[in-house]
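This report concerns only the one structure given below.
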Amino acid sequence: MIDVCVAGSTGSIGTQTLDVIDTDPDRYRVSSLTAGSSWEAVAAQALKYRPDTVVLASDANLHQLRDALPQSIAVVVGEAALAEAVAAADVTINGIVGFAGLPATLACLEAGKRLGLANKESLIAAGPVVQRARRTPGAELVPVDSEHAAIHQSLRSNHDPVRIKRLQITASGGPFRGKSADELAEVTVAAALAHPTWAMGPKITIDSSTLMNKGLEVIEAVELFGAPSTMDTELGFDDIDVVVHPQSIVHSMATFSDGSTIAQLSNPNMRGPIGYALAYPDRLAAPYGEIDWSQAQTLTFEPPDRAAFPCLDLAFAAGRIGGTAPAWLSAANEVAVDAFLEERIRWNEIPSIVEAVLTTHDGGMGETLESVLEGDSIARIRAAEALASRPSSTQGLT
Ligand code: NAD
Ligand code: MG
């Protein structure tokens, strides 16, 4: 029996992780569930899965949750309790959104366990710290982000890291593919939340519409498969192509020294990569997103429009600066996306806020957890200042 901690169990990744576990209850057991504030949703999950522990991020609803569950299920709060629940499991699927996912990422790797990582923000913001934690004996990081799960699969047959020449990360292009910068000035929250191929939580859906998600994934790919990783490849930011592929069938690719490109293909369904991270090096018995190859279909590829979607190059820039610059980028983006979702700024102000923050980066190296946490909070303050000082800040939105 494999004990699984589902971190962020009430979200899009969390609920789909439980769907996958449902397909093989003799193999996987939910040992813990963690959630931010949605105590009613996690209570319903706990009554169904009977985990040992449920962890909440804050104690606001602790008593309601305790009252809703039998005493055999421990209901706990905070980072130390989260670390304990994560360390007790064999595998943690980290589906927490944003920088808040960092404690679960570190607790899992430092306990020498398998991390199925959907929470890309923790790896991006705390690269050097996470890389150190990855070297803990027994620790293993298997990506859940579909592009990185695809690259992980594409690299499996390779014997010498030096033969990996380039990585191609595919992007659906989001809901605004093909739109000009002028057309993009007026997009609404509802339009930005209407992703053409993936149903996901709100933050990553907005990131997909700006291509910040792709930019974050480029940094994620360098951390996972590039120079700082345990794979010892030379891959850096010049060795990664972003390829717009609107059908979301080819989930990403790796190109080798002999000119061969290997890709992973399936219909878009996150249960596939979640199951991959749970079962690796085995494969799940249940199929998700299997393609019916007897039906004709067309797959297309095109370069991204870097001028209309400046977030992509902002992420490349932050990755090249290194140190805490990716943490600053990611924190400023979280603040800007929240402001957009609350209709306090326009969609095309998201990159302006991120750029304003990134240009003031202080050269921090981010070698320690303290410096990453400090970098994250400085960037959030700078982003709040950038929000307050924007020319239209006193005019509201029309
Ligand atoms: P979501 O908003 O649907 O769910 C987020 C989960 O995190 C919820 O369970 C919520 O309760 C919990 N949470 C929120 N704030 C928290 C806090 N402060 N402390 C602890 N828990 C907190 O998000 P999602 O779409 O499932 O995305 C989760 C992560 O997975 C993100 O990092 C995202 O980039 C990544 N990801 C998601 C998808 C997808 O298809 N949804 C695909 C690839 C990667
Ligand atoms: Mg992805």
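Taken per residue, the accessible surface of the chain reaches 41 Å², heavy atoms only and a 1.4 Å probe.
Each DSSP beta bridge with both residues in the chain is either parallel or antiparallel, and the antiparallel ones are about 20%.
If you take all other residues with their beta carbon under 12 Å from the beta carbon of residue 382, and give Lys and Arg +1 and Asp and Glu -1, the sum is -3.
By the rule of a C-alpha distance below 27 Å, with chain neighbours fewer than 8 residues away ignored, the lysines paired with residue 113 are 48.
The aspartates and glutamates whose alpha-carbon is closer than 15 Å to the alpha-carbon of residue 165, local same-chain residues fewer than 8 away aside, are 232, 234, 238, 239, 241, 258. Once the C-beta distance of residue 63 and residue 294 is scaled by a Förster radius of 56 Å, the resulting FRET efficiency is 0.50 to the nearest 0.05.
A simple charge model with +1 on the Cβ of Lys and Arg, -1 on the Cβ of Asp and Glu and nothing else charged puts the dipole of segment 2-143 at about 340 debye relative to its Cα centre. Its Cα centre serving as origin, the chain has a Cβ charge dipole (Lys and Arg +1, Asp and Glu -1) of approximately 340 debye. Within a straight-line Cα-Cα reach of under 25 Å, residue 179 can be paired with the following lysines, leaving aside sequence neighbours fewer than 8 residues apart in one chain: 203, 214. Estimated from the Cβ-Cβ distance and a Förster radius of 51 angstrom, the FRET efficiency linking residue 302 and residue 87 is about 0.70. Among the protein heavy atoms of segment 2-143, carbon and sulfur supply 51% of the accessible surface, probe 1.4 Å, non-protein parts ignored. Can you check what the net charge comes to around residue 353, using other residues whose Cβ is under 13 Å from the Cβ of residue 353 (Lys, Arg +1; Asp, Glu -1)? Surrounding charge for residue 353 is 0. Only Cα pairs under 8 Å and 6+ residues apart enter the sum, and on that basis the relative contact order of segment 2-143 stands at 22 percent.
The residue among 88, 47, 131 whose Cα reaches farthest toward the positive pole of the charge dipole of segment 2-143, with charges on the beta-carbon of Lys, Arg, Asp and Glu, is 131. The slack between residue 159 and residue 41, meaning 0.36 nm per residue of separation minus the straight C-alpha distance, is 38.0 nm. Given their separation in residues at 0.36 nm each and the Cα-Cα distance between them, residue 193 and residue 258 gain 19.3 nm when the chain is fully extended.
The values are calculated or read from the model by the stated rules, or taken from the named source; none is laboratory data. No experiment lies behind these values; they were computed from the predicted model shown. Counting neighbours? That spans all protein chains shown, and the Cβs are built from the backbone with ideal geometry, glycine included. Just so you know, the surface numbers come from the protein's heavy atoms only, side chains and all, with ligands and any DNA or RNA stripped out. Shrake-Rupley method; radii C 1.70, N 1.55, O 1.52, S 1.80 Å.
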